[in-house]
Each structure stands twice: as C-alpha cells, then as structure tokens.
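Colleague: The structure under discussion is supplied below as structure tokens; questions concerning it will follow.
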Amino acid sequence: MTLQTLTKPWEPMSYGFLDGSAKREIRRKMIKAIAVPGCQMPYASREVPMARGWGTGGLQVSLTLVNPAMRVKVIDQGADDSVNAASIRRFIARVAGTPTTMDTLEADLIQSRHRIPEEVLREDQVLVLQVPNPEPLRPVQPNMSIARQMHADADYGRMWLQLYEQIVRSGRVMQGASYPSLVHGRHVMTPSPIPRWDVPKLHMAKHLTILSAGREKRIFAVPPFTRVEPLVFSDVPYKVEDHAGLTCHRSGTRGFFMNEIPQDDGSSVFEVSDSEWGVKAIRRRDGEEVALGETWYKNGKMPS
Amino acid sequence: MRLQPVPSDFEARCNATFDAVMWALARPGVMRDLPQAGLAQVVEALIDRECAVHCPDEALAMLARRTGAELVAPEAADHVFAETVTPEMPDRLACGSDLHPEDGATLVAGAVFGAGQRVCLTGPGVDGEVIVIIGGLPGDFWQRRARAMRYPMGFEMLLVDGARLIGVPRSTVVEVL
C-alpha cells in the first residue's frame, strides 16, 4: 500500500455536492428503507446549502441518485415555478449537470413537496417526497422513543382513536394532509403532507417513492407494487377532497386537484394544482401538439 | 464561464452500481445489470469506515479494509460479502430488532442464475408473483432464511452472477417450487 493508493485525484467539488461518505450512508439507509416499506430509518442528514425544513431531506436523496443522464423535475405544491422548486432544480442542475424538465412524462427523478403529479408515473421513475414530520404517531405520542416502540409493536390503536374522535366531534375525518396510511400491512407512515387526493396514487403504484425528512433525519420508502392503505373504519369510507366537479379557470381542465383562489367579491375560482398539467392543457387547447400522459384520476374518479 | 460538473469514473461507477442495487431491491426478482462483474463494485458503492464487514474472500476483504471498514465475524457484520454462501449463514447474520429493523445485515453473495432451484417470489415490489431460477446457494437455504427472519427483522440479499444482479429484500416471501 502506498500513499498514492489511499488518495484520489484532486477535484474542485464533489460531484452532486455531497461527499462520498454522505452518499454511501444515504445509499445504505435507502436499501433498508426499501426493504422495510414504510418504516422510518434514521440517517445522518448532512448540511446542504439550504435551511433545514426547506426540502433538505429530499435534496440529499436526489443528489445521491443523480447522474448527468438523469432528467430532474422539481415541484412544490404541484407547481414547477414556485421559488422553492425553482431553487432546488437550479441547484441540482448546477452541482450535478443534470438536464431539467417540467414535464412529468420526461422526468426520471421527480422531487416533490406535498403533491404527486396527476399523470401516472412509470416503473422507471423515482418520486422523492420532502417530509416535514415523518412520525405519524406524533399527535398521539410526542415521545419519539415510545413512538418507536409503538411502531415495533404495531401498536396503532391510538391512531384509530384519533380518527374516531374526529368523526365524533366533527362528523367526518378532519385529517386533510399527511393522512396516516398502513404500508404493506405492517407500518403506519405519513405519506408526507400530500392531500388525501394523492394518497391512493401510492397504492400498488409502478414507481418507487422515497420519502426523506432532512430536519428530522428520517428516510422511508414505498417500493413499487406495495399496498398503501389509508386508515379508515369499514363503515366510514376513505374520502378524497371534493374536487371532481371543479374546473380550472385558466386551462379548462376538470376533475383534478385544484387550488382555490379567493376573489374580491367573496367567491372563488379554481386553478389546477399540477401546474405543468395545466400548461399542457392550455397548449393543447391552443392547437399545439402536446403529449398528455394517462392520469391516475379519470373524470375525477380514481379507478379501483 | 461556468464549469459543468462531471462525475469521476469512480463516482459514475458507484452511482450506476447503486442504481442497479436500489432497483433490484425495489423490484425483487427482476434482473438488473451492474456496470461490471463481481462484488467489488458493491463494496465501493456502499462501504466505508462506518461499516462492519464480514468477507471470507481475501482480496475483497483487503478492498473493504482499505475503505476503513472493520472486518468482523458474520454475527457482528452489517454487510457480508461472500462469493459462496455457506449453509449456516442465514442463522448467523444480524437481523436487527423490532425497534431497529435497519440493523439487519445486507448479504451480497455470488449465485448462478438460470440453473438450480425454481423459486417464486411475492411481496412488495413484485407485481403478483415472479418466478426465478437461482442456483449456487446451499440446498435448504431458502427454508433457513425463512426460519431465521421474522418481519420486520431480517436481512437483505443481493445475488450477483457476473454482471447481473437480483435483489431479495426481507419483505419478499420466497417459495421453493
């Protein structure tokens, strides 16, 4: 062994910003996360030039996976052009030299904050979801050591109690986003704050979903063809947001998840939340030839 | 002028190796292509001084040692690299605990695809069921594996035949046909 064999050639910067040991650690933890679907795996969560809580978990996974041939799409609440999404996309492109896209169909890697695109993801695509709070049990058990024991025992009685109390108090389940879901019949996970509308898209999906919480240092995954069942009572069926009948006032597209935009007169108009889907619908309306992918929801209904 | 970042050969290889490993475990039983033949590339992509490795093969052990990893007995190892799997190995590997399933080991082993036992895989990542023919493992390996593991405890397997890879995570139920 010589000194030469122990060193590497000088590089101005680690490819993809993260250094080798950070990537290897995330790789090892991703392997375990995929092997035990929905189970939170602790990881080191290195510093990235972004404040924790702004997508650092998702960013670290993306930076570990990228290579110069991988086309990256980043969305924030469905929009490709929000500040958070644009900054993360530009950062990944700058440190990894990756091509970027806004089109879900063209993307190899999709990093997302709080939405799953409306077009069906393929089996070669990876969806990376940013997670603010990875612990579904936190509202019922703030002590994370006890929560870990509850996961180990599959002790989810309090989750059901919480849902029951909501129904008794309000007549319906009040959980809007991060709807607790049972993965592979064993671990309850939070699907990150995606709306209820998006949770059925994870069930037996073709794509790989990796959820990463940078601030909380937890990573978990939903492999393809894995059961993801929202917690419901058999006599109170799971309900998605009532958006099936809404029409986007800009693109005219109908039957997708909408953003409500309040108007001065007290009424509101709606705009499709998946911005690129809206853009493509407008371009098609204007006579351009645009490829629209198959959507999860058809006529506002998720086929079962 | 802005420089376009370019991965080094080492970085590109590790990235491609991990891509194959990740998809192999995400889709158990579906064969993936590794950038090159052998187990060494998996050591490069995953192992560093935070790891405890068991590796009967001398050259591979040297490579693992050079990354800074500790060489330990199979029971204490978080990664095991073995060209041939020994019959007692499933009973000796770390399976983690219910509290910390991530402490289960990763077994990277040589195998032969297309000759040997016909096995049917079901579980997460498998669309219905998938049947693969895997040889080069001890005769009662799959039964021993099933006995040694109680989900979510268990170990992951990355089976390598030349430059081809099949992953069998702990969530996969293996039935010998």
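The values are calculated or read from the model by the stated rules, or taken from the named source; none is laboratory data. From a predicted model like this one, the values you see are computed outputs, not experimental measurements. We place every Cβ from the backbone using ideal geometry, glycine too, and count neighbours over all the protein chains shown. Protein only, heavy atoms only, side chains kept; ligands, DNA and RNA dropped before computing areas. Shrake-Rupley method; radii C 1.70, N 1.55, O 1.52, S 1.80 Å.
Colleague: Taking only DSSP H segments of four or more residues, each worth -39500 (n - 2.57), what value at 222 nm results for chain A once the sum is divided by all its residues, to the nearest 500 deg cm²/dmol?
Modeller: Values: 7 runs with 78 residues, N = 304.
The helix contribution divided over chain A gives -8000 deg cm²/dmol.
Colleague: Shifting gears a bit: What is the log10 of I(q)/I(0) for segment A:242-287, computed with the Debye formula using one identical point scatterer on each Cα and no solvent, at q = 0.22, 0.23, 0.26, 0.34 Å⁻¹?
Modeller: -0.70, -0.74, -0.88, -1.19
Colleague: Further question on the same structure: What translational D, rounded to a whole number of µm²/s, comes out for the protein assembly as shown from Stokes-Einstein when the hydrodynamic radius is the Kirkwood one over Cα pairs, at 20 °C and 1.002 mPa s? List each step's numbers first, then the result.
Modeller: On the way: Rh = 23.5 Å.
Approximately 91 µm²/s, per Stokes-Einstein.
Colleague: Taking a cut-off of 22 Å, what percent of all Cα-Cα pairs in segment B:43-177 are separated by more than that?
Modeller: Numbers: 3161 of 9045 pairs.
More than 22 Å apart: 35 percent of the Cα pairs in segment B:43-177.
Colleague: For the protein assembly as shown, give me the percentage of DSSP beta bridges that are antiparallel, rounded to the nearest 5 percent.
Modeller: Working: 43 of 71 bridges.
Roughly 60 percent of the beta bridges in the protein assembly as shown run antiparallel, per DSSP.
Colleague: Report, in deg cm²/dmol and to the nearest 500, the calculated mean residue ellipticity at 222 nm for chain B, where each DSSP H run with n ≥ 4 adds -39500 (n - 2.57) and the sum is divided by the residue count.
Modeller: Values: 5 runs with 46 residues, N = 177.
About -7500 deg cm²/dmol.
Colleague: Go through A:237, A:181, A:295 and say which Cα lies farthest out towards the positive end of the charge dipole of chain A; charges sit on Cβ, +1 for Lys and Arg, -1 for Asp and Glu.
Modeller: It is A:181.
Colleague: Using protein chains only (no ligands, no nucleic acids) and a 1.4 Å probe, work out which residues of segment A:61-94 have their accessible area cut by at least 50 Å² relative to the chain alone.
Modeller: For segment A:61-94, once contacts with the other chains are taken into account, A:94 lose 50 Å² or more.
Colleague: How large is ³J(HN,Hα), in whole Hz, for each residue of segment A:38-52 in order, when computed from phi with the Karplus curve 6.51 cos²θ - 1.76 cosθ + 1.60 and θ = phi - 60°, using x for Gly and Pro?
Modeller: x, 8, 6, 9, x, 9, 6, 6, 6, 6, 10, x, 7, 5, 4
Colleague: Right, something else. Using the crude model of +1 on Lys and Arg Cβ and -1 on Asp and Glu Cβ, and no other charge, please compute the dipole size for segment A:44-169 relative to its Cα centre, in debye to 20.
Modeller: 460 debye
Colleague: Another question about this same structure. Could you compute how much accessible surface residue A:8 exposes when probed at 1.4 Å, giving the result in Å² to the nearest 10?
Modeller: Ignoring ligands and nucleic acids, residue A:8 comes out at about 140 Å².
Colleague: Further question: For chain B, find the longest principal axis of its Cα atoms and tell me its angle to the long axis of helix B:9-26, 0 to 90°, nearest 10.
Modeller: Approximately 20 degrees, to the nearest 10.
Colleague: Roll a 1.4 angstrom probe over the protein heavy atoms and tell me the percent of accessible area of the protein assembly as shown that is carbon or sulfur. Don't skip to the end; give the middle numbers.
Modeller: Values: 10700 of 20510 Å².
Summing carbon and sulfur atoms, their accessible area is 52 percent of the total for the protein assembly as shown.
Colleague: What accessible area per residue comes out for chain A, rounded to a whole number of Å², with a 1.4 Å probe?
Modeller: Details: 13250 Å² over 304 residues.
In whole numbers, chain A has 44 Å² accessible per residue.
Colleague: In the protein assembly as shown, if the dipole is taken from +1 on Lys/Arg beta carbons and -1 on Asp/Glu beta carbons about the Cα centre, which of A:146, A:191, B:101 is farthest to the positive end?
Modeller: The residue sitting most towards the positive pole is A:146.
Colleague: Can you give the charge dipole size of chain A about its Cα centre, rounded to the nearest 20 debye, using +1 on the beta carbon of Lys and Arg and -1 on the beta carbon of Asp and Glu? Present the calculation step by step, with values, prior to reporting the outcome.
Modeller: On the way: 39 positive and 34 negative charges, 207 e Å.
Charge dipole, chain A, about its Cα centre: 1000 debye, nearest 20.
Colleague: Give the long-range amide H neighbours of residue A:129: residues separated by 5 or more places, or on another chain, with amide H under 5 Å away, using H modelled in the peptide plane at 1.01 Å from N.
Modeller: A:112, A:210, A:211, A:212
Colleague: Could you tell me the distance between the Cα centroids of segment B:43-59 and segment B:95-155, to the nearest Å?
Modeller: If you average the Cα positions of each part, the centres end up 21 Å apart.
Colleague: Pull up the cross-link candidates among the lysines for residue A:217, meaning alpha carbon to alpha carbon under 20 Å and not fewer than 8 places away within one chain.
Modeller: A:23, A:29, A:32
Colleague: How many percent of DSSP beta bridges within segment B:9-176 run antiparallel, rounded to 5? Could you put the intermediate results ahead of the total?
Modeller: Working: 19 of 32 bridges.
Just about 60 percent of them are antiparallel.
Colleague: How far is the Cα center of segment A:75-147 from the Cα center of segment B:67-90, in Å?
Modeller: 35 Å
Colleague: Additional query: Give the interface area between chains A and B as buried accessible surface, both sides summed, probe 1.4 Å, in Å² to the nearest 100. Walk me through the numbers on the way to the answer.
Modeller: Working: alone 15210 and 9230 Å², together 20510 Å².
So the total buried area for this chain pair works out to about 3900 Å².
Colleague: Who wins for biggest fluctuation among A:80, A:108, A:242 in a Gaussian network model of chain A, springs between alpha carbons below 10 Å?
Modeller: Greatest mean-square fluctuation among the candidates belongs to A:242.
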